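The values are calculated or read from the model by the stated rules, or taken from the named source; none is laboratory data. It should be emphasised that the depicted structure is a prediction, and the values quoted were computed from it without experimental measurement. As a convention, Cβ positions derive from the backbone with ideal geometry for all residues, glycine included, and neighbour counts pool all protein chains shown. Just so you know, the surface numbers come from the protein's heavy atoms only, side chains and all, with ligands and any DNA or RNA stripped out. Shrake-Rupley method; radii C 1.70, N 1.55, O 1.52, S 1.80 Å.
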Amino acid sequence: MNQFPLLTLLIWLPILGGAAVLASGDRSLNLSRWLALGFAVLTFLVSLGLWLGFDASSAAMQFVERTPWIPTFNVEYYLGVDGISMPLIVLTTFITIFVIVAGWEVISYKPTQYMAAFLVMEGIMIGVFSALDAVLFYVFWEAMLIPMFIIIGVWGGPNRVYATIKFFLYTFFGSVFMLVALIYMYFQSGSFSILDFQALELGMTAQTLIFIAFFLAFAVKVPMFPVHTWLPDAHVEAPTGGSVILAAIMLKIGGYGFLRFSLPIAPDASADLAWLMIALSLIAVVYIGFVALVQQDMKKLIAYSSIAHMGFVTLGFFILFAIVQNPAVGSGAVMGIEGGMVQMISHGFISGALFLCVGVLYDRVHSREIASYGGVVNTMPWFGAFFVYFAMANAGLPGTSGFVGEFMVILATFRADFWWALLAATTLILAAAFTLWMVKRVIFGEVKNEQVAALQDLNRRETFNLGVLAAVVLIVGLWPAPLVNVMHTTVEQLVAQVSTCKLPADQADQCVLPRPEPVALIGR
């Protein structure tokens, strides 16, 4: 199976599917809908081949495809996955199905173009997760902006133009610095291979500048405090499908970038600036949690909740340096990264489900304001059950996937510093506070108005979406081992790779990390 061009098929199948859906036209709307769903389901089934054929005992890149693209500059069509990128690809293909189903009847304006945009978006995001050539990665990274810009700009709310321009400018601004860093490393290595970049021996100044360049790109995408302000605006104005993809997939691309670029390419700078990353992560967890408490718009509340939860992800990634420099605390570094990865996957399910829930209410009442609701459970008991379930998962209820990643990160943080862990653990209180605040006012109590009294409960399409996601959240919460096992060897290799000083011999006195024998880069 490793010899079959599975990644190429995963990238281009949904993109070609988007073209086919566009060609079918709005006059054959039923055909277009089924065609879009067919391509989304087929892409997911193909992605399962990655999981089934993946060797979890190896940290090497698998399903590798490598073909010259622009030989003059050693640019290649170079693809591959490991235990970090493969689960994110499967998450992407899985979530896209629910986006297509959610817009089945709701989108009446240019529905064909709507579904085609999401299929194209799916292929591009898979390209980001599988690219091992820096130029190819950058092309996919920038291309992501186009369909999302269109999705928010065409099908968004009243302030969609403002939200799309802000989203574009923030992301594009950070990407420019990343491009400069990639070009610099090309001149140092003579190649655009990301794995060759990871093998470079760079001085402290170069590592620091490269880290800052990557930080500006990836921190905006996560988004980290203080470059997070574009996300609530984008979520509020985006259609339901756009919010689901933003929260479930696009934010994870920022976290993936830290693992693929920042940590292995600039480990010494990452260790030197880990205090800043940990501080910003804790601010996101605590401060943004308080910001979520005062929101009156359900989408804004969930958007700020996403920022807080992604703060847990970056905390798990960078806490490893505090642990590495204190070997007595054991293997918490691996646990921290694995916890961050599990949190990313779990957040994809839970945040996607919550935005779908908000979409269900908005389709009926055309309001996202919490004050517009009250007593919904009296007229929509099945919806009320799902909403409360996903809200509890968002708050980290044990037995749900939302608990697993947070628990692993908090446990790893305890091994590094008690006070950091105490601050991180406040998210369990804050998340419960703003989540229960929303649930109490929207779901419970007396029916507040005639619109709520006239609500109809979930239809079959909505029940399918929420029911499948609820089952997945429960399964991962009760049995996370398959997900953790598939990434464990890769994470161990990453920790070994970034736990030693990479500075040249003449700068050994600047080493923040230990300087033993060089670690072999498995997968080069």
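Checking each residue in the stretch 256-270 for being of a type in the set (Ser, Thr, Tyr) and buried (at least 24 other Cβ atoms within 10 Å of the Cβ) picks out Ser262, Ser270. Within the set Ala412, Ala416, the sole residue that is open to solvent by less than 10 Å² (accessible area, probe 1.4 Å), among the hydrophobic types (A, V, I, L, M, F, W, C) and under 27 Å from Ala333 (Cβ atoms) turns out to be Ala412.
Go through the stretch 419-432 and give me each residue that's of a type outside the set (Phe, Trp, Tyr), open to solvent by 10 Å² or more (accessible area, probe 1.4 Å) and in contact (Cβ under 8 Å) with a residue 24 or more places away in the chain.
Start the filter on the stretch 419-432 by keeping residues that are of a type outside the set (Phe, Trp, Tyr), which leaves 421-432.
Filter once more, so that each one left must be open to solvent by 10 Å² or more (accessible area, probe 1.4 Å): 422-423, 425-426, 428-430, 432.
The answer is Leu423, Thr426, Leu428, Leu430, Ala432.
Out of the residues in the stretch 484-494 meeting the condition of being open to solvent by 20 Å² or more (accessible area, probe 1.4 Å) and not acidic (Asp, Glu), tell me which one is nearest to the chain's Cα centre (by Cα). Before the answer, list the steps.
To start, the set of residues in the stretch 484-494 that are open to solvent by 20 Å² or more (accessible area, probe 1.4 Å) comprises 484-485, 488-489, 492-493.
From the residues that got through so far, the ones that are not acidic (Asp, Glu) too are 484-485, 488-489, 493.
Numbers: Val484: 17, Asn485: 20, His488: 19, Thr489: 21, Gln493: 22 Å.
So, considering only residues that are open to solvent by 20 Å² or more (accessible area, probe 1.4 Å) and not acidic (Asp, Glu), the one nearest to the chain's Cα centre (by Cα) is Val484.
Take the conditions (1) exposed (fewer than 13 other Cβ atoms within 10 Å of the Cβ); (2) part of a helix (DSSP H, G or I); (3) of a type in the set (S, T, N, Q); Ser47 misses just one of them, which is (1).
Test Glu142 against the criterion of being open to solvent by 40 Å² or more (accessible area, probe 1.4 Å) and charged (D, E, K, R), and give yes or no. No.
Select from the stretch 433-447 the residues that are open to solvent by 30 Å² or more (accessible area, probe 1.4 Å) and under 24 Å from Ala303 (Cβ atoms) and list them in ascending order.
In the first step, residues of the stretch 433-447 are kept if they are open to solvent by 30 Å² or more (accessible area, probe 1.4 Å); the result is 433, 436-437, 440-441, 444-447.
Hits for the stretch 433-447 are Ala433, Leu436, Trp437, Lys440, Arg441, Phe444.
For the stretch 278-291, filtering for residues that are under 14 Å from Ala412 (Cα atoms) and free of Cβ contacts under 8 Å to residues at least 24 places away in the same chain leaves 0.
Residues being more than 16 Å from Leu251 (Cα to Cα), part of a loop (DSSP other than H, G, I, E, B) and under 20 Å from the mean Cα position of the chain (by Cα) are represented in the stretch 127-135 by at least one member.
Condition test on Arg368, is it on the phi < 0 side of the Ramachandran plot and touching a strand residue (DSSP E or B) at 6+ places or on another chain (Cβ under 6 Å)? If you could, list the steps in order and put the result at the bottom.
Details: on the phi < 0 side of the Ramachandran plot: yes; touching a strand residue (DSSP E or B) at 6+ places or on another chain (Cβ under 6 Å): yes.
When the stated conditions are applied, Arg368 passes them.
Tell me, which helices (runs of 4 or more DSSP H) lie completely within the stretch 145-255 with 2 or more residues that are polar (S, T, N, Q) and surrounded by fewer than 23 Cβ atoms within 10 Å (Cβ to Cβ)?
Working: elements: 145-155, 160-189, 194-199, 204-221, 230-237, 240-245.
It comes to 160-189, 204-221.
Does Leu52 fit the bill of being more than 11 Å from Glu122 (Cβ to Cβ) and assigned to a helix (DSSP H, G or I)? So Leu52 passes the test.
Quick grid of which residues meet (1) at pLDDT 90 or above; (2) farther than 26 Å from Phe444 by Cα:
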residue: Cys357; (1), (2): yes, no
residue: Val365; (1), (2): no, no
residue: Thr379; (1), (2): yes, no
residue: Val388; (1), (2): yes, no
residue: Glu406; (1), (2): no, yes
residue: Ala412; (1), (2): no, yes
residue: Asp417; (1), (2): no, yes
residue: Leu422; (1), (2): no, yes
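In the stretch 64-94, which residues are surrounded by 24 or more Cβ atoms within 10 Å (Cβ to Cβ) and either farther than 22 Å from Leu494 by Cβ or aromatic (Phe, Trp, Tyr) (or both)? Scanning the stretch 64-94 gives Tyr78, Thr93.
Taken over the stretch 260-300, the criterion of being of a type in the set (A, V, I, L, M, F, W, C) and more than 16 Å from Gly311 (Cβ to Cβ) is satisfied by Phe261, Leu263, Ile265, Ala266, Ala269, Ala271, Leu273, Val294, Met298. Selection of first residues in the stretch 465-493 that are under 15 Å from Leu354 (Cα atoms) and of second residues that are surrounded by fewer than 22 Cβ atoms within 10 Å (Cβ to Cβ), restricted to Cβ pairs under 6 Å at least 6 apart or on distinct chains, gives the following pairs, ordered by first then second residue: Asn465/Val101; Ala470/Tyr389.
A Cβ distance below 9 Å, combined with a sequence gap of six or more or placement on separate chains, defines the contacts here; from the stretch 153-180, residues that are within 22 Å of Ala117 (Cα to Cα) and among the basic types (Lys, Arg) reach residues that are open to solvent by 30 Å² or more (accessible area, probe 1.4 Å) and part of a helix (DSSP H, G or I) in the pairs Arg160/Val154; Lys166/Asp233. Only helices (runs of 4 or more DSSP H) whose full extent lies in the stretch 292-394 are considered here, and the ones with at least 3 residues that are open to solvent by less than 10 Å² (accessible area, probe 1.4 Å) and touching a residue at least 12 places away in the same chain (Cβ under 8 Å) are 298-324, 332-365, 381-394.
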